[in-house]
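The values are calculated or read from the model by the stated rules, or taken from the named source; none is laboratory data. From a predicted model like this one, the values you see are computed outputs, not experimental measurements. Quick reminder, even Gly has a Cβ in these numbers, built from the backbone with ideal geometry, and neighbours come from all protein chains shown. Surface areas here come from the heavy atoms of the whole protein model, side chains and all, with no ligands, DNA or RNA. Shrake-Rupley method; radii C 1.70, N 1.55, O 1.52, S 1.80 Å.
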Amino acid sequence: MVVRNGFSELAAQMFNESDDVSLKNLISSKYSENDLLTYLLDDDPLVARAAATALGLIGSMESVPALVKNLKNRDVRASFNTEMALWSIWSRSGQTTVDRLLNIGKRSLKNEKFNEAVELFSKVIEMEPSFAEGYNQRAIAYFMLEDWDNSLTDCLQTIGLNPHHFGAYAGMGHVYLRLGKIDEAVDAYRIALAINPNLISIAETLIRLGRVSEEEEE
């Protein structure tokens, strides 16, 4: 049974807890994923924000549709926490070794070791071909190497496995822009923004592209 006051107390505790492992164990011991999905709709902003954060720690792909819907939450903090939760869920394959390789690959990306990142993400994909985030991260690595064709292929593969992946749509838009395919880039950006209205940089890019199009028509 959902006990709202109990979760309100936990919500306050969550924002003072720095250890994700301890917090994850605490949440799992007291609340189910369905409980958290209920709290996600709570009128109390603190509760709704905490629920999104909690789902990022213990949520599964089954929570993704509700979280995607919550990206349109009028509370900016709640929508931000929801976006972070989606990225966390998408980064969990369910296999410890795969997730470890994904994180190592992300560190390689951060350190600008792009070829190394491609190799690591390729291993992730080989081990778990249905894991969308492996393709998405490799798409980023290919993009940084200016390998537009492979980056686009991986973006499309990501979307095929995870149609809600606004990051892959945005990445696809970036690739199309580099290829000079403006109409295709605009279409991809619009889909990304429709899924996640909080992508400010994508909205700004669409505005700039609209201005360029208007200037060319004059």
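Report the equivalent ellipsoid semi-axes for the chain in whole Å, largest first, defined as the square roots of five times the eigenvalues of the gyration tensor built from alpha carbon atoms.
One finds semi-axes of 33, 23, 13 Å for the chain.
Computed over the stretch 28-118, relative contact order equals 21 percent, with contacts defined as Cα pairs under 8 Å that lie 6+ residues apart.
Taking amide H atoms as placed 1.01 Å from N in the peptide plane, the amide H of Asp147 has no partner under 5 Å among residues 5 or more positions away or on other chains. The listed residues Tyr176, Tyr189, once ranked by accessible area (1.4 Å probe) with the largest placed first, stand as Tyr176, Tyr189.
Evaluating 6.51 cos²θ - 1.76 cosθ + 1.60 at θ = phi - 60° for every residue in the stretch 178-186, the Karplus couplings come out as 5, 7, x, 9, 5, 4, 5, 5, 4 Hz, glycine and proline recorded as x. Accessible area of Arg178 (1.4 Å probe, protein heavy atoms only, ligands and nucleic acids ignored): about 120 Å². The value of relative contact order for the chain, using C-alpha pairs under 8 Å at least six residues apart, is 12 percent.
In the chain, the DSSP-assigned H stretches of four residues or longer account for a calculated mean residue ellipticity at 222 nm of -24000 deg cm²/dmol, using -39500 (n - 2.57) per stretch and the full residue count as denominator. Comparing Ala54, Ala78, Ala203 in a Gaussian network model of the chain, where Cα atoms under 10 Å apart are tied by springs, the biggest mean-square fluctuation is seen for Ala203. Springs between alpha-carbon pairs under 10 angstrom, Gaussian network model over the chain: which of Ser22, Ser79, Ser60 fluctuates most? Among Ser22, Ser79, Ser60, the largest mean-square fluctuation in the Gaussian network model of the chain belongs to Ser22. Of Lys72/Lys123; Lys72/Lys113; Lys24/Lys106; Lys30/Lys110; Lys69/Lys113; Lys30/Lys123, which pairs sit farther than 32 Å apart, going by alpha carbon to alpha carbon? Among Lys72/Lys123; Lys72/Lys113; Lys24/Lys106; Lys30/Lys110; Lys69/Lys113; Lys30/Lys123, the Cα-Cα distance tops 32 Å for Lys72/Lys123; Lys72/Lys113; Lys30/Lys110; Lys69/Lys113; Lys30/Lys123. Of the listed residues Thr53, Thr205, the order by accessible area with a 1.4 Å probe, largest first, is Thr53, Thr205. Taking the Cβ of Gly56 as the centre, find all other residues whose Cβ is under 12 Å away and add up their charges (Lys, Arg: +1; Asp, Glu: -1). Taking every other residue near Gly56 into account, the sum is 0.
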